[in-house]
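*Asks:* One structure follows; several queries about it will come next.
What follows is calculated from the coordinates using simple rules that are stated; it is not laboratory data. Just so you know, these numbers come straight off a predicted model, no measurement behind them. Cβ coordinates were reconstructed from backbone atoms using ideal geometry, including for glycine residues, and neighbour counts include every protein chain displayed.
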Amino acid sequence: MTQTTTEIISTKMNPNVIPHLHIWEWHIPLYLFLGGLAGGLLVITAVMIVIKRHFGIGPRDEGEGCPCLAVRVGSALAPILLGIGMLFLFLDLANKFYVWAFYTTIQPTSPMSAGSWILIAFFPMAILQAMLVNKQFLRNMNIGIVNKLIDWTENRLTLVALLNAHIGIGIGIYTGILLSFFYARPLWSSSILGMLFLISGISSAAALMLLFAPNHEKPIYSKIDANALWIEMVVVGLFILGGITGPANTSGAMMHLIAGDYQMAGMSYMLWFWGGFVALGLLIPMFLEFLEAVGVHIRFPLVAPVLVLMGGLLLRFLIVFAGQTYHTFM
């Protein structure tokens, strides 16, 4: 009988030693992106509703009491996009039949538990706002229970919008907090990650609204996106600075992202980060939107919002993948 001996060399930070450090694949970055995008849509549409109703600022309404097209479409897309994102999260679960446990447990110190309860609040409130801003279309469908719900809440649209603005912010921050609580991943262990994902989600949401907003509505969403982009650049700088000036583990993880040679889809993280995310996803669209703001005609006006959306998605993939592959070098 022959006995085989296997020697295992481990850096400890792997799922064989610490089981909860399983590898997240493409499902999670997509969930984080769509969750941030949905949160950003809810924030922008809710704020637009409030300032329009109380200050008269914003694009003109289309018909009596009918909010502008971008607000109506954005409100409808918010719960749809988050629902798609939740599907990707469900596909990543190892034990899919126990998903109900997330919504029957209250653990204030657990980001998973807190996020689950924010999601419970998100869907009914986001759907209610979408119904109220699209009430004319829904009334034409003549669905009894829908009409009764609209009748009961239509005078409370401002309250619904204010609540949704806070819920949207909570969802946007949660997508970053979800990662930052994994202290075993040094790249994720940053208190500013929640703010970065929130601002990125708002920027991506403004870019998405630019794609379907009519021409007379585009300037306001272009300004929202441009302002969100430069704020995002500041937050990215703070994220990098906090990483490289932190402990050796954190510094090494950050350098792995911004200067490492580990490859994703055939290119190093450094090229993806500086060329794909910073240059194409932040600097170029911000420059294009600045030119539009000062009256310069852009031949392809949809280039900027498309680049912003691609940059927001790429940011999630970079953070998730680089945060996990760093341990192979420890």
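*Asks:* Specify the inter-centroid distance of the stretch 278-327 and the stretch 189-234, based on alpha-carbon positions, in whole Å.
*Replies:* Each part reduced to its Cα centre gives a spacing of 10 Å.
*Asks:* Go through Lys52/Lys135; Lys52/Lys148; Lys52/Lys223 and tell me which ones have a Cα-Cα distance over 21 Å in this structure. Intermediate results must be reported in sequence, preceding the final value.
*Replies:* Values: Lys52/Lys135 17 Å; Lys52/Lys148 25 Å; Lys52/Lys223 16 Å.
In this structure, Lys52/Lys148 exceed 21 Å between Cα atoms.
*Asks:* What net charge is computed for the residues neighbouring Met286, neighbours being all others with C-beta under 15 Å from the C-beta of Met286, Lys and Arg scored +1, Asp and Glu -1? Spell out each step's value before the answer.
*Replies:* Values: positive: Lys223; negative: Asp225, Glu232, Glu289, Glu292.
Result for the local shell: -3.
*Asks:* Can you give the extra length, in nm with one decimal, that the chain gains between Lys148 and Ala248 once fully stretched, where that is 0.36 nm per residue apart less the Cα-Cα distance? Don't skip to the answer; put the middle values down first.
*Replies:* On the way: separation 100, 0.36 × 100 = 36.00 nm, distance 6.00 nm.
Extra length from Lys148 to Ala248 when fully extended: 30.0 nm.
*Asks:* With the cut-off at 1.5 for a/c, could you classify the stretch 27-325 from its C-alpha gyration tensor as rounded, prolate or oblate? Mind dumping the intermediate values first?
*Replies:* Numbers: a/c = 2.26, a/b = 1.31, b/c = 1.72.
It comes out oblate by the Cα gyration axes.
*Asks:* Please state the equivalent ellipsoid semi-axes for the stretch 219-285: what are the square roots of 5 times the Cα gyration tensor eigenvalues, largest first, in whole Å? The partial results should precede the final answer.
*Replies:* Numbers: eigenvalues 134, 55, 7 Å².
Square roots of five times the eigenvalues give 26, 17, 6 Å.
*Asks:* Continuing with the same structure: How much length, in nm to one decimal, is gained on full extension between Phe287 and Thr158, taken as 0.36 nm per residue of separation minus their Cα-Cα distance?
*Replies:* Details: separation 129, 0.36 × 129 = 46.44 nm, distance 3.46 nm.
That pair, Phe287 and Thr158, stretches by 43.0 nm at full extension.
*Asks:* Still on this model: Using only the Cα atoms of the stretch 188-236, build the gyration tensor, take square roots of its eigenvalues as a ≥ b ≥ c, and label the shape rounded, prolate or oblate: rounded if a/c is under 1.5, else prolate if a/b is larger than b/c, else oblate. Mind showing how you got there, number by number?
*Replies:* Numbers: a/c = 4.97, a/b = 2.57, b/c = 1.93.
Cα axes put the stretch 188-236 in the prolate bin.
*Asks:* Can you figure out the FRET efficiency of His297 with Tyr183, using R₀ = 41 Å and their beta-carbon distance, to the nearest 0.05?
*Replies:* On the way: r = 50 Å, r/R0 = 1.22.
Computed FRET efficiency for His297 and Tyr183: 0.25.
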